[in-house]
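Q: Below is the structure I would like to discuss, written out as structure tokens.
Throughout, read-outs are computed from the coordinates displayed, never taken from laboratory work. None of the values given here were measured: they were computed from a predicted structure. So basically every Cβ, Gly included, is an ideal-geometry build from the backbone, and we count neighbours across all protein chains shown.
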């Protein structure tokens, strides 16, 4: 990094290249941090976590015990070893607590004063962070598997909700009512995800093996249904036309730029799709173990070159190259199955939660060999900068002599 800084200062290198190179180095050195703990509050497995994008400081978690916890990730002690404290909890003693398992939690994208949770008690609640009381409660006919608010929407305030019913519900935060239903799936909707590129584009995954992409401004149906065979009828059986996977599709994740969509299914496969055309890019990730009957929360890095995918895989988190499909490493530390993971783009850190009731922090490690290499690169860059400066001075002197 020192070499990049010197080259950048001398104008020999692009600042964006420095940022991407350092982000990539940090992701590739992720290790379980023995000096950082996260308060253990949940008495049962952790299904979902979310880090707010405003300050990157607060994290939400929701568990199979119905409990919701807000953590402060900031280190105030100044010491190397510290614990991320739980600042508030919606526990079993609260009259507003979810009666059954919390499946999804998400911060409001523009303000930490509000967050949304959904549960197997057939409700979705919009919470006031200050009072820890629900400002709005939406009731549904079946268990709620997933919900999502658009991270970029300015023209709407819709929450997409996937339930045990095959219909996708669109709930409006402003009016507090369900305003629209998207029909097309034939089984429960396990995961929903808004595009981070276009505010009206929504992807939905179902137990019917299908993934549909919608423009919610259109009432005529989905834009397209993802087909793992890219339209090749010879490879697909008559029953499996336009299926994204050969099993339940329980995971969705857009890349940070919204150009690609990742899906996971119980056929132990992960697929990368062009989100504009719906084309299967045919990247082979090999066997990606997936035994979950519910939504699987996985995540993609941001700011790296190339990007990486973090996927719960048994009691580990598998790290893959996004476009190569290469298994880079396995992050091992949980004692039971991992159900969710979330990437922190500000620090290139990863947080994962599992059935062992633990949230683990995976942080970049700086090795002595890295420091030596960086010092060597810095010296080389400094020498190059000196040569460049000397050449410029020589050319100036030569020009003045000619004059």
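Q: Once you have a ≥ b ≥ c as the square roots of the Cα gyration tensor eigenvalues for segment 111-177, tell me rounded if a/c is under 1.5, and otherwise prolate or oblate according to whether a/b is larger than b/c.
A: oblate
Q: Additional query: Which parts of segment 267-299 would a label at residue 230 reach, counting a residue when its backbone N lies under 16 Å from a point 7 Å out along Cα-to-Cβ?
A: Inside the label zone: 271-285.
Q: Separate question: Helix 15-28 versus the longest principal axis of the chain: what angle, 0 to 90°, nearest 10, using Cα atoms?
A: With rounding to tens, the tilt is 60 degrees.
Q: Spin-label point model (7 Å from Cα, Cβ direction): what's the residue 187 to residue 96 distance in nm?
A: Between residue 187 and residue 96, the label points sit 3.6 nm apart.
Q: Rank by packing, highest mean first: peptides 210-223, 158-171, 44-57, with packing defined as the count of other Cβ atoms within 10 Å averaged across residues.
A: 158-171, 44-57, 210-223
Q: Please work out how much length the chain gains when fully extended from residue 17 to residue 85, using 0.36 nm per residue of separation minus the C-alpha to C-alpha distance, in nm with one decimal.
A: Between residue 17 and residue 85, full extension yields 20.9 nm more.
Q: Classify segment 65-124: rounded, prolate or oblate, from the alpha-carbon gyration tensor (a ≥ b ≥ c, eigenvalue square roots; a/c under 1.5 rounded; otherwise prolate if a/b is larger than b/c)?
A: In terms of gyration-tensor shape, prolate.
Q: Taking a point 7 angstrom from the Cα of residue 111 along the C-beta vector, which residues in segment 145-161 have backbone N less than 11 Å away?
A: No residues fall inside that zone.
Q: Separation between the residue 132 and residue 305 pseudo-spin-labels, each 7 Å from Cα along Cα→Cβ, expressed in nm?
A: Taking the two extended label points, one gets 4.5 nm.
Q: Another question about this same structure. Does segment 30-367 classify as rounded, prolate or oblate by the C-alpha gyration tensor (a ≥ b ≥ c root eigenvalues; a/c under 1.5 gives rounded; else a/b over b/c gives prolate, otherwise oblate)?
A: oblate
Q: Once you put a point 7 Å from the Cα of residue 153 and another 7 Å from the Cα of residue 77, both along the Cβ direction, what distance in nm separates them?
A: So the label points at residue 153 and residue 77 sit 4.1 nm apart.
Q: If you fit an axis through the alpha-carbon atoms of helix 368-402 and take the longest principal axis of the Cα set of the chain, what angle between them do you get, 0 to 90°, nearest 10?
A: 50 degrees
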